[in-house]
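Data first, discussion second: the structure below is written as structure tokens.
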Amino acid sequence: EYFMDALNINKSLISLELGSFDRDKVEDKLTQNKKIRFKEMLNGNRKAEWNRSRVMFVGKGRAGKTATVRSLLGKAFQETTSSTMGAEISETTGGGGMYAKSWNEVRRIRDHAAEFAARMMVTRSRFAPVNDTEPGSNKDQQEQTSIPSFQKESTSDLVGNRVRNESNSGENHVIREYDEKLLVNAKGQSHSIALSLWDFGGQEVFHSMHHIFLTNSGVYVHVFDVRALDSVEEREMALSNFDFWMRSIKLHSPNSPVVLVGTFSGDSNYKKKRDAQERVNNLIKELLETMGMDQVVNNRERKLTYFPIDNKEQIGIKSLQTAIEKEAIRDLSNLGVSIRWMVFLDNILRYKKSSKYLHMTLVRKCAEEAGIQSLNEIDVALKLFHERGMLTHLTTTENLRNIIVIQPQWLMDGLGQVIRDQNHHSFDMEKVVSVGLEKDAQRMFSKGIASRDLLEFVWQYNEIPFFVDLMKSTMLLSEWSFNGEQNFLIPSLLQTCYEGSVSGIKCNFDFSGTFLPNGLFARLICLCVENSSLHIQKGGMLPMPRLYKNYAVLDFEQGLRLRLLEEKSAHKISLILDSDKNASKALYILVSMLRKVNEDAMGTGLTWATYVQDPQNSKMIPLEEARMKMLKPWFHVKDLLGSAEKTKYLDLASFLESFSVIDLKP
């Protein structure tokens, strides 16, 4: 009797080893306590670690990224797999170290709030209550926006084991099922971690697209073919690809852990080579030292800088799995979130069956239902959900901020329908021919120019406005309004390289101090062509641009012809002018566009040095030195970006602003 009275007071007791007590009576009371405790967790202000991370698999095409993901998920090896188009996203749960089973792919829709509450019931949090330390809000805001509390009620109000979260108006917004399995799973997975696996296509055509999806947190897995690094014939190209991906990771995420994975380590010819593993390891160490990159995870077990694996022979998979899990968990060590963020996430994802994306107005309603009213807190929560791979929320422009994609795989598939490698991902030409679009498809792959009819064919009619506007906002696509056409340019599809000489007065943008990423030059072309097309749409007359993968001749406006040349080996982009007329304006245009691309697509991580040519002696001198000398024709006022120049080039500023304000409203 006294013990039962104690259970009525101590609601935190949910598990007990019984001796001679009335087992059924005590078990019933413990079950009631669990329900009450579960309700308190859903409506409390505790914080806990959200055991979720994002793992990004990058590397050269055909290096074995998809096979590696399959091995980690416990799937059988396939001799032939289709090359990844854009990216493939999968969900899994890992944890348990070397003795854990393979990761299992998760396809069901999860109740994040219920699972989070159950895990808080069986674990002890080291975080302070949310009222004091919630990211993105202050204490006063939290007192206004905490999840509405339950009224005093008996356990009989938990009808059908359902816990209801009620707003101040009494309207039911969230229903949570209490299930004993929640606690059982929470106990069994207290040290597990949910992982969102992003397998990025490695072909060069996809690189410009990847920049908008690589995040500043999570774990990067760089997959490379060890055979290529150890081959005298292939080594130079292999090292170049390796360097590119490492610098791309450093550009977007300078502090995230990077796990290096060498595939085909069980290849019979490779294994026969004496000291091959040591040679590959030394090559990698030398390259990393040159780059000054210290975020690589060492393979302590093998005393290597990388993890040698073989997907066919299933060599090294368990060690790789353990390494990824450890780094993912370490990445979360200082992050604590509240239950209301999980309710917010569930409120958003409940639309997943009926919608591909949501507008911010609806997302804010989802937040209000979870007790979140602070706009800043909403932004911080969405950033976390994006970085953890739950949704895609791009924020570089106002209109991108207003769109939240809740089916990221749908977005990647849609972009991959037009940004694709013809050699690996060609269209079904029988279907294309049957609808009369054969020439349209050929032109898109050869010239990068897509007709609206072709886009309607690959995207379906109802999704055209969304994808066109999204690709414009991310500088992957521009209008093409020349010679009376109303088509679209996709610069990343340009294939032909210009091999002739180019002469004229020059300005060089030198990226050799860091690197020149793929996709930068294509975005400059995109901005220039969009401006020219707008000029034509307003009644202007401009000739059709001449475009190559590495070279462009175009008229930005009447009287201002720009020639742009990309030299990848020298990490340099050059602006070449036929005459010194409007040189200062041309320089301003390129500087402004480079800054926009850096901020909107490269995470502001790019740096470059600018040199202008002295017409008197043809020498290239640093921009600041030219500014101090007031070197003509580049400078006519004291400060290139001073108020006089800003007024003079107001049209450019308006254009760049308008390029970011694409109508994505329903």
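Per this entry, N269 is counted among residues that are in contact with a Lys or Arg (Cβ under 8 Å, 6 or more places away or on another chain) and surrounded by fewer than 15 Cβ atoms within 10 Å (Cβ to Cβ).
Any residue at all in segment 246-258 that's in contact (Cβ under 8 Å) with a residue 12 or more places away in the chain, out of contact with any helix residue (DSSP H, G or I) (no Cβ under 8 Å at 6 or more places or on another chain) and closer than 16 Å to A63 by Cβ? Among the residues of segment 246-258, at least one is in contact (Cβ under 8 Å) with a residue 12 or more places away in the chain, out of contact with any helix residue (DSSP H, G or I) (no Cβ under 8 Å at 6 or more places or on another chain) and closer than 16 Å to A63 by Cβ, which makes the answer yes.
Restricting attention to segment 531-554, the residues that are modelled with pLDDT under 95 and among the charged types (D, E, K, R) add up to 1. Of everything listed in (1) under 25 Å from L577 (Cα atoms); (2) open to solvent by less than 30 Å² (accessible area, probe 1.4 Å); (3) of a type in the set (V, I, T), the single unmet condition for T496 is (2).
With the requirement that a residue be under 26 Å from G61 (Cβ atoms) and crowded, with 21+ Cβ neighbours inside 10 Å, what does segment 398-407 give you?
V405
Only a single item in (1) modelled with pLDDT under 95; (2) open to solvent by 20 Å² or more (accessible area, probe 1.4 Å); (3) farther than 23 Å from S192 by Cα is not met by E286, and it is number (1). Restricting segment 37-80 to residues that are of a type in the set (D, E) and in a loop (DSSP other than H, G, I, E, B), the residue that is nearest to the chain's Cα centre (by Cα) is E49.
The set of residues in segment 508-548 being without any contact (Cβ under 8 Å) to a residue 12 or more places away in the chain and under 22 Å from M444 (Cβ atoms) consists of R546 alone. For segment 410-427, the set of residues classified as open to solvent by 80 Å² or more (accessible area, probe 1.4 Å) and either in contact with a helix residue (DSSP H, G or I) (Cβ under 8 Å, 6 or more places away or on another chain) or not polar (S, T, N, Q) (or both) consists of Q422, H424, listed by residue number.
Counting the residues of segment 285-321 that are farther than 28 Å from T80 by Cα and of a type outside the set (S, T, N, Q) gives 16.
Within the set F655, F635, the sole residue that is crowded, with 16+ Cβ neighbours inside 10 Å, at pLDDT below 95 and in a loop (DSSP other than H, G, I, E, B) turns out to be F635. Name, by its number, the condition in (1) in a loop (DSSP other than H, G, I, E, B); (2) over 30 Å from A228 (Cα atoms); (3) modelled with pLDDT under 75 that does not hold for R110. Exception for R110: condition (3).
Among the candidates Q442, Q373, the residue that is out of contact with any Ser or Thr (no Cβ under 8 Å at 6 or more places or on another chain) and either part of a helix (DSSP H, G or I) or over 27 Å from S53 (Cβ atoms) (or both) is uniquely Q442.
Just a yes or no: is a residue in segment 50-71 open to solvent by less than 20 Å² (accessible area, probe 1.4 Å), under 27 Å from H211 (Cα atoms), of a type in the set (F, W, Y) and modelled with pLDDT under 95? Scanning segment 50-71 turns up at least one residue that is open to solvent by less than 20 Å² (accessible area, probe 1.4 Å), under 27 Å from H211 (Cα atoms), of a type in the set (F, W, Y) and modelled with pLDDT under 95.
Limited to segment 562-581, what total is found for residues that are more than 32 Å from the chain's Cα centre (by Cα), within 20 Å of P545 (Cβ to Cβ) and open to solvent by 40 Å² or more (accessible area, probe 1.4 Å)? Qualifying residue count for the region: 3. The residues on offer are E327, E368, E387, and the sole one that is more than 21 Å from M56 (Cβ to Cβ) and either at pLDDT below 90 or of a type in the set (D, E) (or both) is E368. The lone criterion from (1) crowded, with 18+ Cβ neighbours inside 10 Å; (2) at pLDDT below 95; (3) of a type outside the set (G, A, S); (4) not in a loop (DSSP other than H, G, I, E, B) left unmet by I378 is number (2).
Using the structure shown, decide if F244 is open to solvent by 10 Å² or more (accessible area, probe 1.4 Å), aromatic (F, W, Y) and under 28 Å from T392 (Cβ atoms).
yes
Residues in segment 272-283 that are open to solvent by 20 Å² or more (accessible area, probe 1.4 Å), of a type outside the set (A, V, I, L, M) and either in a helix (DSSP H, G or I) or in contact (Cβ under 8 Å) with a residue 60 or more places away in the chain (or both): K272, Q277, E278, R279, N282.
Taken over segment 489-521, the criterion of being part of a helix (DSSP H, G or I) and in contact with a strand residue (DSSP E or B) (Cβ under 9 Å, 6 or more places away or on another chain) is satisfied by P491, L493, L520, F521. The single condition among (1) touching a Leu at 6+ places or on another chain (Cβ under 8 Å); (2) open to solvent by less than 10 Å² (accessible area, probe 1.4 Å); (3) over 23 Å from T610 (Cβ atoms) that F556 does not satisfy is (3). Each residue in segment 605-629 was checked for being open to solvent by 30 Å² or more (accessible area, probe 1.4 Å) and closer than 18 Å to F521 by Cβ, and 5 pass.
In the set (1) open to solvent by 60 Å² or more (accessible area, probe 1.4 Å); (2) touching a residue at least 24 places away in the same chain (Cβ under 8 Å); (3) out of contact with any His (no Cβ under 9 Å at 6 or more places or on another chain), L455 fails one condition alone, (1). Quick check on segment 311-332: of everything there that is over 15 Å from V221 (Cα atoms) and free of Cβ contacts under 8 Å to residues at least 60 places away in the same chain, which residue is surrounded by the most Cβ atoms within 10 Å (Cβ to Cβ)? Only one residue fits best here, namely I315.
Is it true that I464 is without any contact (Cβ under 8 Å) to a residue 24 or more places away in the chain and under 28 Å from N423 (Cβ atoms)?
So I464 fits the description; yes.
Taking the numbered list (1) in a loop (DSSP other than H, G, I, E, B); (2) modelled with pLDDT under 95; (3) out of contact with any Ser or Thr (no Cβ under 8 Å at 6 or more places or on another chain) in turn, H424 passes all entries but (3). Scanning segment 567-589 for residues that are touching a Cys at 6+ places or on another chain (Cβ under 7 Å) and assigned to a helix (DSSP H, G or I) yields a single hit, L587. Take segment 182-211 and flag every residue that is closer than 29 Å to E49 by Cβ and of a type in the set (A, V, I, L, M, F, W, C). Scanning segment 182-211 gives L182, L183, V184, A186, I193, A194, L195, L197, W198, F200. A count restricted to segment 357-367 and to residues that are out of contact with any helix residue (DSSP H, G or I) (no Cβ under 9 Å at 6 or more places or on another chain) and either open to solvent by less than 10 Å² (accessible area, probe 1.4 Å) or in a helix (DSSP H, G or I) (or both) stands at 1.
The values are calculated or read from the model by the stated rules, or taken from the named source; none is laboratory data. Predicted model only: the values in this text are computed from it and were never measured. Positions of Cβ are generated from backbone atoms using ideal geometry, with glycine treated the same way; all protein chains shown enter the neighbour counts. Accessible surface is based on the protein model in full, side chains and every heavy atom, while ligands, DNA and RNA are left aside. Shrake-Rupley method; radii C 1.70, N 1.55, O 1.52, S 1.80 Å.
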